[in-house]
Amino acid sequence: MCSIFGAVGLSVNRGILERLSVQAGDRGRDGGRLQSFWDGRVWLGNWRATPTTEVEHGLLQPYGGVVHNGTIANADELGLLAGEIDSQVLPRVLDRRSLASFWASIGRLRGSYAIAASGAAEPVALLACNYKPIYYADIAGAVYFSSMARHFAGLLAPGVAPVKMPPYSVLELPGFQSASLVQAPPKRAVVIASAGLDSTTVAAMLARDGYEVLLLHFRYGCQAGSREADRIPRIAAALGARFHIADLDYGAMRGTSGIMTPGGAVAGPVEGAEWAHEWVPARNLVMLAWATAFAEANGFHYIALGNNLEEAGAYPDNEEEMTTLFGALLPNAVQNGYGMEVLAPVGHLMKHEIVRIGLDIGAPYGETWSCYHDGERHCGECGPCYMRRTAFERNGALDPVFKER
């Protein structure tokens with residue numbers, strides 16, 4: 001448990017490297033060491049923080065041209081010798097002749113790791129990480145790397161940030177060749193389903209594309225909650241999907257929005273579509289987090305939702321950046337190596353474009369519920385009703401939920 005850092009290239013600046021070393025020391029209080037390889041063209045460093053379960057160990061990394069942050073859980077199986085700590089097995093296990101051989105040998109490891117190694121056949125640095133982070137930056141023709149973005153403070157030009165190495169990947173520097181350590185998981189998706197147009201379209205798209213789909217619906221106390229929950233089994237049946245209905249305790253937030261208050265007033269058609277009058281605090285974030293736990297517990301590797309470009313004009317948690325940022329944290333939110341991805345296939349589309357897709361693939365729109373109210377039929381006057389009616393009209397189609405009006 002520590003920080004790793006270093007640099008590679010013909011023009012490594014010792015002053016920059018030493019500043020990086022000092023700043024990387026915030027993750028290790030038990031000593032550190034910096035070592036050069038290939039006549040100073042590759043540098044590897046480490047600051048150690050001794051785990052509570054280990055005794056002080058006098059020999060500091062690098063070990064045989066390798067630095068490691070994390071824990072190798074199967075070190076004994078890999079040939080750890082008496083008196084060694086887990087990191088010391090790595091030089092004997094890792095094949096550093098090429099990126100391909102390095103990639104293959106990393107597959108033998110079980111545990112957590114951010115690893116930097118000097119190439120065995122040429123002056124390159126070979127990096128590997130799972131959920132442990134590595135950041136890197138090109139500074140004046142040399143590439144520097146470290147465990148945290150903050151370690152580059154004051155080393156980069158204003159407005160320039162270090163690049164984060166993708167979780168579960170290997171990378172060769174300075175050539176920037178990379179390869180993923182992740183195999184494509186089974187196509188099993190949990191769709192956060194409101195019972196409305198967008199999530200129903202997403203579920204239909206995924207079912208068409210060969211995913212096993214489960215609709216996950218949340219009851220959180222909105223006015224139309226009973227109507228929405230009633231539609232979920234019907235939508236699932238039409239798609240040949242399973243469903244699960246979960247309860248979220250939003251009681252403490254009651255009254256923060258008209259839709260969260262029994263009989264509460266909601267905004268009318270145009271204003272309801274243009275401003276987040278019916279904002280429910282952190283709703284999509286809470287639902288995404290809950291869905292992540294549910295998906296992991298039940299063997300699903302994809303979470304999908306129906307955020308869209310149109311409603312992103314009023315609701316921050318509908319903006320594509322929300323799902324991008326949430327997806328970026330998933331490697332640190334699920335079990336090591338599990339693999340989880342957020343899918344937002346209509347996040348870049350307007351409502352009428354989404355309806356066009358749904359009409360083309362036969363999404364069961366007649367079973368959906370979008371209205372903020374809990375009447376027998378859609379009211380036709382609230383923001384969601386106005387948006388869906390207009391979306392169908394722009395496609396020259398009649399919304400099936402309004403056929404009887």
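The values are calculated or read from the model by the stated rules, or taken from the named source; none is laboratory data. Given the structure is predicted, the values throughout are model-derived calculations rather than measurements. Counting neighbours? That spans all protein chains shown, and the Cβs are built from the backbone with ideal geometry, glycine included.
Return only the number of the condition from (1) at pLDDT below 95; (2) surrounded by 14 or more Cβ atoms within 10 Å (Cβ to Cβ) that residue 333 does not satisfy.
Of (1) at pLDDT below 95; (2) surrounded by 14 or more Cβ atoms within 10 Å (Cβ to Cβ), only one is false for residue 333: (1).
Which condition breaks for residue 286 when tested against (1) in a helix (DSSP H, G or I); (2) crowded, with 19+ Cβ neighbours inside 10 Å?
Of (1) in a helix (DSSP H, G or I); (2) crowded, with 19+ Cβ neighbours inside 10 Å, only one is false for residue 286: (2).
Mind checking which residues of the stretch 210-233 are modelled with pLDDT of 90 or more, in contact with a helix residue (DSSP H, G or I) (Cβ under 7 Å, 6 or more places away or on another chain) and over 20 Å from residue 296 (Cα atoms)?
Restricting attention to the stretch 210-233, the residues satisfying the condition of being modelled with pLDDT of 90 or more are 210-219, 226-233.
Okay, now just the ones that are also in contact with a helix residue (DSSP H, G or I) (Cβ under 7 Å, 6 or more places away or on another chain), so 213, 215-219, 231.
Scanning the stretch 210-233 gives 219, 231.
What's the number of the condition residue 366 fails, among (1) buried (at least 16 other Cβ atoms within 10 Å of the Cβ); (2) part of a helix (DSSP H, G or I)?
Looking at each condition in turn, residue 366 falls short on (1).
Given the conditions (1) over 16 Å from residue 402 (Cβ atoms); (2) assigned to a helix (DSSP H, G or I); (3) hydrophobic (A, V, I, L, M, F, W, C), report the number of the one that residue 355 does not fulfil.
(1)
What number of residues within the stretch 80-101 satisfy the criterion of being farther than 23 Å from residue 331 by Cβ, in a helix (DSSP H, G or I) and of a type in the set (D, E, K, R)?
So the count comes out to 1.
Could you check the stretch 13-45 and list, in sequence order, the residues that are assigned to a loop (DSSP other than H, G, I, E, B), over 32 Å from the mean Cα position of the chain (by Cα) and either farther than 15 Å from residue 119 by Cα or at pLDDT below 95 (or both)? If you could, list the steps in order and put the result at the bottom.
Of the residues in the stretch 13-45, the ones assigned to a loop (DSSP other than H, G, I, E, B) are 13, 28-31, 38-41.
Imposing the further condition that a residue be over 32 Å from the mean Cα position of the chain (by Cα) reduces the set to 13, 30-31, 38-41.
Across the stretch 13-45, the qualifying residues are 13, 30, 31.
Identify, please: which residue in the stretch 293-330 is modelled with pLDDT of 95 or more and aromatic (Phe, Trp, Tyr) and is, among those, surrounded by the fewest Cβ atoms within 10 Å (Cβ to Cβ)?
Within the stretch 293-330, the match that is surrounded by the fewest Cβ atoms within 10 Å (Cβ to Cβ) is 294.
Within the stretch 192-209, does at least one residue satisfy the condition of being surrounded by fewer than 17 Cβ atoms within 10 Å (Cβ to Cβ), assigned by TED's automatic domain parsing to the domain that holds residue 390 and at pLDDT 95 or above?
To start, the set of residues in the stretch 192-209 that are surrounded by fewer than 17 Cβ atoms within 10 Å (Cβ to Cβ) comprises 208-209.
From what's left, assigned by TED's automatic domain parsing to the domain that holds residue 390: 208-209.
So of that shortlist, the ones also at pLDDT 95 or above come out as 208-209.
Yes: the stretch 192-209 contains one or more residues that are surrounded by fewer than 17 Cβ atoms within 10 Å (Cβ to Cβ), assigned by TED's automatic domain parsing to the domain that holds residue 390 and at pLDDT 95 or above.
Which ones in the stretch 323-352 are in contact (Cβ under 8 Å) with a residue 40 or more places away in the chain and either assigned to a helix (DSSP H, G or I) or in contact with a strand residue (DSSP E or B) (Cβ under 8 Å, 6 or more places away or on another chain) (or both)?
326, 331, 332, 336, 340, 341, 342, 343, 344, 345, 351, 352, listed by residue number.
Residues of the stretch 134-186 being aromatic (Phe, Trp, Tyr) and in contact (Cβ under 8 Å) with a residue 40 or more places away in the chain, which ones? Before you say what the answer is, go through the steps one by one.
Going through the stretch 134-186, the residues aromatic (Phe, Trp, Tyr) turn out to be 135-136, 144-145, 152, 168, 176.
Those that are aromatic (Phe, Trp, Tyr) and in contact (Cβ under 8 Å) with a residue 40 or more places away in the chain: 144, 145, 152, 168.
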